[in-house]
1. Working from the alpha-carbon coordinates of segment A:436-482, get Rg over Rh, Rh being the Kirkwood radius.
2. With every atom except the alpha carbons ignored, what do you get for Rg and Dmax of chain A, in angstroms?
3. Describe numerically, in nm with one decimal, the distance between label points set 7 Å from Cα along Cα→Cβ at residue A:456 and at residue A:484.
4. Using 7 Å Cα-to-Cβ label points, what is the residue A:192/residue A:54 separation (nm, one decimal)?
5. By how many degrees, 0 to 90 and rounded to 10, does the Cα axis of helix A:2-14 deviate from the longest principal axis of chain A?
6. Tell me, what is the FRET efficiency for residue A:116 and residue A:377 to the nearest 0.05, using R0 = 45 angstrom and their Cβ-Cβ distance as r?
7. Roughly speaking, what is the centre-to-centre gap between segment A:425-489 and segment A:148-193 when only Cα atoms are used, to the nearest Å?
8. If one takes the longest principal axis of the Cα atoms in chain A, at what angle in degrees, from 0 to 90 and to the nearest 10, does the Cα axis of helix A:235-245 lie?
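Computed from the coordinates by the stated procedures, all read-outs in this text should not be read as laboratory data. Every value quoted in this text rests on a predicted model; they were computed, and no experiment measured them. Cβ: placed from backbone, ideal geometry, glycine included. Neighbour counts: every protein chain shown.
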RNA sequence: GCUGAUAUAGUGUAGCCGGUCAAUCAUGGAGGACUCUCACUCCUUCGACUGGGGUUCAAAUCCCCAUAUCAGCACCA
């Protein structure tokens, strides 16, 4: 028996995968079918399917109004949005303003602006500051059931007990004492910092983060913008209450909330609520920009940044200013997905996405950075005509006059080319003596320029260019560009051989454009 | 320290209930075609399973250990 088996196995070993499949099919067509079934369930979506989502979903985007939204927010916003669009259902914007210390009054509006820029499919907006009474009643319910207690221990003392897995004295109080204590909190009977309501969890929980975490605090030093309160809910209470009351089916958030999910589960259990499905995506590091709201605010105050839309920041308004399309951000975020792995955000990938959406709509123009005036000998005045978009005559032409001298980018001069092709005009030979450059007309034959490996460069006439400042994150560059660009304020253009830019404004001092990417 | 999670090309991502994976797609690099842009489009090409053990006929896929990274252990969210 064994000998036969060994022999068979050896035979199979020598077969190629295809041959094995054939053999399987001959022996058992059913198994063969099963084999291929597994492969069918490949998905076409960018994001994995959600479990329990077939009947539609209720999801939320829950920013804290402490400043404008940035790339980190965009990930949560677009991930949730994408799923709600896929499965149908409701997308709720929940403004988490339960900490007056972290509320910037101007942020309420900025958040709304950023959300409409992202074009999220929001169905309903709620403010947690409107819902304090709901939080209080759940709090009371928990206390009256003996699930929570009013704790007056000092912060450090409590932490020490927590680490030692021992109960604090307050934990012994009866439900009645707890209720009385909570009423006293509401009546202003406690100083800020002197009291907290804690949930009874499991003091022996292996994760110290789970042990008797706080639900409410007293805060009087900072008034709230929108609500007159002394007792403030902490996020685990307010989030759990709202997620349940608003009927969340799925919660997608960063893995920094993974411990909070565990804590909120205790509240759900006490209240007998059904838990939503939770998904936690990994941390996203973004280099080159400051992401922390407080860091940005500081920089603005110190004058390091010009404002929330400073091109050095990772805010959505800064991206918008740089000509990044919300579609590109959406696509980049969906591409990144909900993996739990920590990742580094790639500007390169975002730029590639943006180019996809922006290229076809951006007409081409000349921008001469750091212009150097060069006289061209032997050429008649004439007018060059260049397409606004290569290959598409229907989009029209730019007429660029040549009158004997040209402005060339200083960088090209530095390269000491012996011959260049002035794009859409003619070839010139360049001679250098010291700092001066002279150019001599060298025919109009494009092929000659190609054969001579002469670079084809952009140019303008001294009398024809409009001053243009191009804002780069690395520093501004000044130059001249075609005057017609003045009519394109707010639009994307491509400065040939320079890159894409958004025309920001046009005034008496010239144009300002913000560089996007190549 | 405690608790938990993760580890695929430069970057992001697919695969991960074992075989069809000398590993997908995108981005990026190199080269080329097209083109009066270093854009677009197209073609070719480069580049990765953290390390070590184990299980198995077979491991990117399962198990263990190591390492690294991240998160939480707030009267923030």
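1. Numbers: Rg = 15.0 Å, Rh = 13.6 Å.
Ratio of gyration radius to Kirkwood radius: 1.10.
2. Gyration radius and largest Cα-Cα distance of chain A: 32.6, 101 Å.
3. 1.8
4. The modelled label-to-label distance comes out at 5.3 nm.
5. For helix A:2-14, the angle is close to 30 degrees.
6. Numbers: r = 57 Å, r/R0 = 1.26.
That gives a FRET efficiency of 0.20.
7. 74
8. Orientation of helix A:235-245: about 90 degrees from the principal axis.
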